[in-house]
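Trainee: For reference, the structure I am asking about is given below.
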Amino acid sequence: MTSHVTSHVTYWAEYAWLPGANGPAVERDVLIATGPGGRIVSVTADSGPCPSGAVRLGGLALPGQANAHSHAFHRALRGHVQVGSGTFWTWRDTMYRFAGTLDPDSYLELATAVYAEMALAGITAVGEFHYLHHAPGGVRYTDPNAMGEALIEAAARAGIRITLLDTCYLSSGFGAEPTRPQLRFSDGDAEAWAVRADALKPREHARIGAAIHSVRAVPAEQLGTIAEWADERQAPLHVHLSEQTAENDACLAAHGVTPTRLLADHGALGPRTSAVHATHLTEEDVRLLADTSTTICMCPTTERDLADGIGPARALASAGCPISLGSDSHAVIDPWEEARALELDERLRTRTRGHWTANALLRAGGEDGHASIGWPEAGRIEAGALADFTVIALDTVRTAGPPARLGAEIAVFAASAADVRHVVVGGRQVVRDGRHLLVADVPGALRASIGALSG
Ligand SMILES: [Zn+2]
């Protein structure tokens with residue numbers, strides 16, 4: 001990422017959660033040498049005390065966490081949408097009000113602060129599901145990708161990786177014209193979306209993917225255009241799927257099939273596809289998603305906030321779908337909370353324990369999360385992988401007590417974003433001792449950028 005500054009740094013972690021022949025385990029005194037391309041050159045456990053010249057990282061090193069589903073500007077809604085009651089749809093009206101105030105400059109400021117918050121929480125890569133493309137009323141910016149470029153730049157400033165999942169959003173519902181707030185989202189048709197998306201170029205820290213906002217927002221006959229665009233580029237393809245039963249009802253009324261079946265019929269499912277939420281599915285939907293090896297991106301803190309329901313994540317995983325995790329609306333940004341929610345929601349639903357191990361939950365935020373957003377070479381602390389890792393403290397009020405060998409269980413079931421002490425992305429340290437090294441005052445940046453929107 002910034003190999004010209006800090007390539008070839010060797011880190012020494014007090015403890016690290018490493019892959020092994022018998023599954024992952026916590027090892028001690030782990031030397032992690034980084035090198036060209038921001039990759040890990042070697043990992044050596046039981047290396048003895050921290051050698052001079054190595055950077056000492058106290059605590060437990062874990063793979064950097066992938067936040068596979070984000071809408072950065074939703075961070076501005078925090079608090080505002082918790083007043084009184086309301087529904088998913090009234091929440092969406094508030095979201096549209098905030099969306100209406102953003103321009104490329106203010107979005108750069110806001111997203112930089114939000115991605116810095118993510119880094120402080122242990123997130124090293126974000127999948128940004130981006131649909132706020134145009135100026136109010138749908139007027140094109142001079143650079144039609146000015147908003148997407150602002151997000152790519154924001155990730156660079158915050159020191160994390162981004163996959164810009166450029167989102168096609170054309171309709172207010174099954175072919176109906178976009179409403180006024182939605183004019184900012186629409187390119188007119190999928191062909192025009194593809195032309196605009198083509199102009200986005202990857203960078204060292206940034207990759208480009210595609211997204212179908214939902215089967216509501218893209219007419220069925222245009223779904224294939226987006227799927228083909230992603231196929232041609234071997235790029236990730238994300239889609240909101242069956243978050244609300246109203247979407248299923250409307251899809252059945254319009255097409256006589258479920259949203260999952262509609263996507264399958266138009267070639268939009270597959271191993272590079274991530275279906276986000278997948279809350280309200282039929283048994284056939286689960287089979288279709290599993291047969292196509294589609295990843296399921298669960299966003300438990302948002303799903304609970306919006307009263308969506310508890311999706312069949314365990315059934316999907318057992319059927320063969322990889323699971324990734326996202327903070328989506330950013331009601332909170334805490335990858336450890338997302339991970340534990342997957343298991344704890346299932347416990348509440350079934351009144352039994354033990355659906356996912358801590359190791360499996362770390363895989364959802366690590367390896368499978370990165371694959372979901374098109375960084376398959378990240379998410380593991382091993383030679384050859386990208387040198388992206390996050391270190392949680394084992395000596396805080398939340399994490400002190402258990403032996404370090406239970407580090408995975410501590411991270412997933414007890415730690416919070418506040419326990420993240422160090423973060424390294426591409427071999428470069430971005431967070432040191434809980435302090436962001438690139439964005440000096442993250443709370444101040446959030447206050448300023450959100451305050452500017454809400455007046
Ligand atoms: Zn979303």
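Trainee: Say R0 is 51 Å: what FRET efficiency, to the nearest 0.05, do Leu406 and Val139 get from their beta-carbon distance?
Mentor: FRET efficiency, Leu406 to Val139: 0.40.
Trainee: Something else about it: Report the paramagnetic label zone for Glu191: residues of the stretch 210-237 whose backbone N is under 13 Å from a point 7 Å from Cα along the Cα-to-Cβ axis.
Mentor: 222, 225
Trainee: If you roll a 1.4 Å probe over the heavy atoms of the protein chains, what accessible area per residue do you get for the chain, in Å²?
Mentor: 37
Trainee: Measure off 7 Å from each Cα along the Cα-to-Cβ vector at Asp93 and Val397, then give the distance between these two points in nanometres to one decimal.
Mentor: 4.0
Trainee: Report, in whole Å, the centroid distance computed from the Cα atoms of the stretch 82-125 and the stretch 255-303.
Mentor: Value for the Cα centre distance between the two parts: 25 Å.
Trainee: Moving on. Given a Förster distance of 35 angstrom, what is the FRET efficiency for Ala452 paired with Glu204, based on the Cβ-Cβ distance and rounded to 0.05?
Mentor: 0.70
Trainee: Once amide H atoms are built 1.01 Å from N in the peptide plane, which residues 5 or more positions from Arg161, or in another chain, come under 5 Å H to H?
Mentor: Ala125, Val126
Trainee: How large a share of the accessible area of the chain, in percent, is made up of carbon and sulfur atoms when the probe is 1.4 Å and the other protein chains stay in place?
Mentor: 52
Trainee: Moving on to the next point. Apply the Karplus curve 6.51 cos²θ - 1.76 cosθ + 1.60, θ = phi - 60°, to the phi angles in the stretch 352-358 and return the couplings in whole Hz, x for Gly and Pro.
Mentor: With the stated coefficients, the stretch 352-358 comes to 9, 9, x, 8, 10, 7, 4 Hz.
Trainee: Considering only DSSP beta bridges where both residues belong to the chain, give the percentage that are antiparallel (nearest 5).
Mentor: The antiparallel proportion sits near 45 percent.
The values are calculated or read from the model by the stated rules, or taken from the named source; none is laboratory data. Worth saying up front: this structure is predicted, and the values here are computed from it rather than measured. Cβ sites come from the backbone with ideal geometry, for glycine too, and all protein chains shown count toward neighbours. We work out accessible area using only protein heavy atoms, side chains counted, and drop any ligands, DNA or RNA first. Shrake-Rupley method; radii C 1.70, N 1.55, O 1.52, S 1.80 Å.
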